[in-house]
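**Q** Here it is, the structure in full.
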Amino acid sequence: MDQLETLRSLSEQMELEHAEESHPEPSKPACFTPKEQRAVFVHPAQLPNGKKVKLLKTLLSSACERDCYYCPFRAGRDFRRASFKPQEFAELFMKLYQSNMAEGIFLSSGIAAGGANTQNKILDTAEILRNKLGFRGYLHLKIMPGAEKGQVWRLMQLADRVSINLEAPNTERLAKLAPNKTFIEELFKPLRWVEENRQSHPASQGWNGRWPSTVTQFVAGGSDESDLELLTTTDWLMKHVRLKRAYFSAFSPIRDTPMENKPAVDPMREHRLYQASFLLRDYGFDLEDMPFVQDGNLPLATDPKLAWAQQNLEGRPLEINKAERRDLLRIPGVGPKGADAILRARRAGKLRDLTTLKKLGIVTTRIAPFILLDGRRAESQIVMF
Ligand code: SF4
């Protein structure tokens with residue numbers, strides 16, 4: 001295999017990894033030669049700061065000694081493995097970077113000769129990129145199961161984002177997916193180390209003066225877990241280790257794995273989990289507010305915020321001129337920006353009609369059933385639109 005074929009082999013299955021709001025379909029920039037277009041899986045992605053970049057999502061090696069049931073790279077699965085040495089990968093990436101074909105990296109790896117050994121290879125790659133080749137762009141580095149505390153510290157100095165995939169919400173569920181991973185020791189502890197490092201060194205020693213953010217990913221539906229279990233763990237991580245975001249990847253069976261006959265999970269479940277996790281993170285919702293049904297899952301048919309509002313606000317609409325910010329955020333159609341816009345507009349006078357709210361960027365058809373405008377039901381104004 002030449003280097004571009006190796007890169008293709010290592011990056012083509014990375015759409016299973018959700019990160020940086022990357023589009024699942026890799027881009028095929030017109031400036032690529034046909035060979036490059038076949039070889040380079042660069043995903044348009046939005047970084048945490050909103051910047052859009054061409055993100056190369058790849059493994060350093062697809063050789064793995066672990067046997068996670070759901071994973072295409074599991075040990076013993078018959079396919080052609082490929083690997084880069086750190087120097088080789090770093091130099092290849094810099095060529096792509098200098099040709100404007102890729103601007104950032106999401107780097108993971110299969111595990112060979114232990115997690116710590118593999119982590120060293122990821123660290124070596126990042127060190128070469130940052131310190132020898134002068135790369136100042138975006139680096140999202142995976143923490144390997146089995147990594148050591150000192151390695152996590154060094155990763156934090158080199159990366160813009162670090163992550164470790166929990167895959168399942170707790171020890172019992174993980175055993176159904178990945179019998180050779182330990183939930184607490186290998187996956188959970190590193191997330192705590194990241195937060196401990198942030199707290200013990202509030203002045204970042206990261207490469208750009210900021211500590212990296214932390215994310216994780218779950219295989220939604222892979223271990224027959226409930227949404228309640230997934231969101232309980234997500235909520236705890238957001239509150240206690242400043243998890244920036246949980247990614248949910250709806251389980252989809254991979255041929256020639258022990259889970260190949262397990263039915264795929266409805267992608268709508270993934271969507272509902274994202275909506276619920278944003279409500280927990282940005283909208284002041286608690287787990288108790290989530291409209292779980294008896295099996296502990298969210299209804300697939302309804303947006304969880306709408307379901308909450310139908311249960312709690314339809315009979316008791318909120319007066320838009322008096323509601324506090326935290327209550328405004330509970331209304332369907334009002335996000336953090338919308339709530340702030342309403343508060344600003346209120347300073348100039350009473351809000352009496354939906355037209356004014358529409359001008360503030362509010363989706364009035366969503367908000368109307370749940371609010372009063374100067375004492376009057378807003379729904380009656382909907383006919384005017
Ligand atoms: S350790 Fe990672 S790459 Fe290896 S089988 Fe498990 S999920 Fe796949």
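Since every read-out is calculated from the coordinates, none of them should be taken as a lab result. As the structure is a prediction and not an experimental result, all values here were calculated from the model. We place every Cβ from the backbone using ideal geometry, glycine too, and count neighbours over all the protein chains shown.
**Q** Please count how many residues of the stretch 236-262 are surrounded by 15 or more Cβ atoms within 10 Å (Cβ to Cβ) and basic (K, R).
**A** 4
**Q** Counting just the residues of the stretch 39-56 that are touching an Asp or Glu at 6+ places or on another chain (Cβ under 7 Å) and over 27 Å from G146 (Cα atoms), which one comes out nearest to the ligand (Cβ to nearest atom)?
**A** Per the stated criteria, the residue is F41.
**Q** Separate question: For residues that are touching a residue at least 12 places away in the same chain (Cβ under 8 Å) and of a type in the set (D, E, K, R), tally how many sit in the stretch 175-193.
**A** Selection size over the stretch 175-193: 4.
**Q** Whether any residue in the stretch 365-381 is under 25 Å from L243 (Cα atoms) and in contact (Cβ under 8 Å) with a residue 40 or more places away in the chain is what I want to check.
**A** The answer is no; no qualifying residue exists.
**Q** Now a separate question. I need the full set of residues from the stretch 108-141 which are hydrophobic (A, V, I, L, M, F, W, C) and away from the ligand (no atom under 16 Å from the Cβ), in order please.
**A** Of everything in the stretch 108-141, those that are hydrophobic (A, V, I, L, M, F, W, C) and away from the ligand (no atom under 16 Å from the Cβ) turn out to be L123, A126, I128, L129, L133, F135, L139.
**Q** Just to be sure I understand, how many residues within the stretch 92-149 are out of contact with any helix residue (DSSP H, G or I) (no Cβ under 6 Å at 6 or more places or on another chain) and among the basic types (K, R)?
**A** Within the stretch 92-149, residues that are out of contact with any helix residue (DSSP H, G or I) (no Cβ under 6 Å at 6 or more places or on another chain) and among the basic types (K, R) number 4.
**Q** Is one or more of the residues making up the stretch 170-179 within 16 Å of the ligand (Cβ to nearest atom), under 21 Å from S61 (Cα atoms) and in contact with a Pro (Cβ under 8 Å, 6 or more places away or on another chain)?
**A** Within the stretch 170-179, none of the residues are within 16 Å of the ligand (Cβ to nearest atom), under 21 Å from S61 (Cα atoms) and in contact with a Pro (Cβ under 8 Å, 6 or more places away or on another chain).
**Q** Taking the condition farther than 22 Å from V241 by Cα and of a type outside the set (F, W, Y), does A113 pass?
**A** yes
**Q** Kindly indicate whether R255 is in contact with a Ser or Thr (Cβ under 6 Å, 6 or more places away or on another chain) and part of a loop (DSSP other than H, G, I, E, B).
**A** No.
**Q** With the requirement that a residue be over 21 Å from Q13 (Cα atoms), hydrophobic (A, V, I, L, M, F, W, C) and in contact (Cβ under 8 Å) with a residue 40 or more places away in the chain, what does the stretch 201-250 give you?
**A** W207, W211, L228, L230, L231, L237, M238, V241, L243
**Q** Another one. Within the stretch 57-71, restricting attention to residues that are of a type outside the set (K, R) and within 8 Å of the ligand (Cβ to nearest atom), which residue is surrounded by the most Cβ atoms within 10 Å (Cβ to Cβ)?
**A** That would be L59.
**Q** Also: From the residues in the stretch 263-285 that are touching a residue at least 24 places away in the same chain (Cβ under 8 Å) and not in a helix (DSSP H, G or I), which one is nearest to L329 (Cα to Cα)?
**A** Residue satisfying both the conditions and the ranking: Y283.
**Q** Let me ask something else about it. With respect to L129, determine if the residue is within 20 Å of T6 (Cβ to Cβ), more than 20 Å from the chain's Cα centre (by Cα) and of a type outside the set (D, E, K, R).
**A** It is true that L129 is within 20 Å of T6 (Cβ to Cβ), more than 20 Å from the chain's Cα centre (by Cα) and of a type outside the set (D, E, K, R).
**Q** Which one is surrounded by the most Cβ atoms within 10 Å (Cβ to Cβ), of the residues in the stretch 342-385 that are on the phi > 0 side of the Ramachandran plot and over 32 Å from the mean Cα position of the chain (by Cα)?
**A** Per the criteria, the residue is D374.
**Q** Moving on to the next point. Which residue pairs have Cβ atoms under 7 Å apart, sit 6 or more places apart or on different chains, and have a first residue in the stretch 88-114 that is polar (S, T, N, Q) and a second that is assigned to a helix (DSSP H, G or I)?
**A** S109/T118; S109/K121; S109/I122
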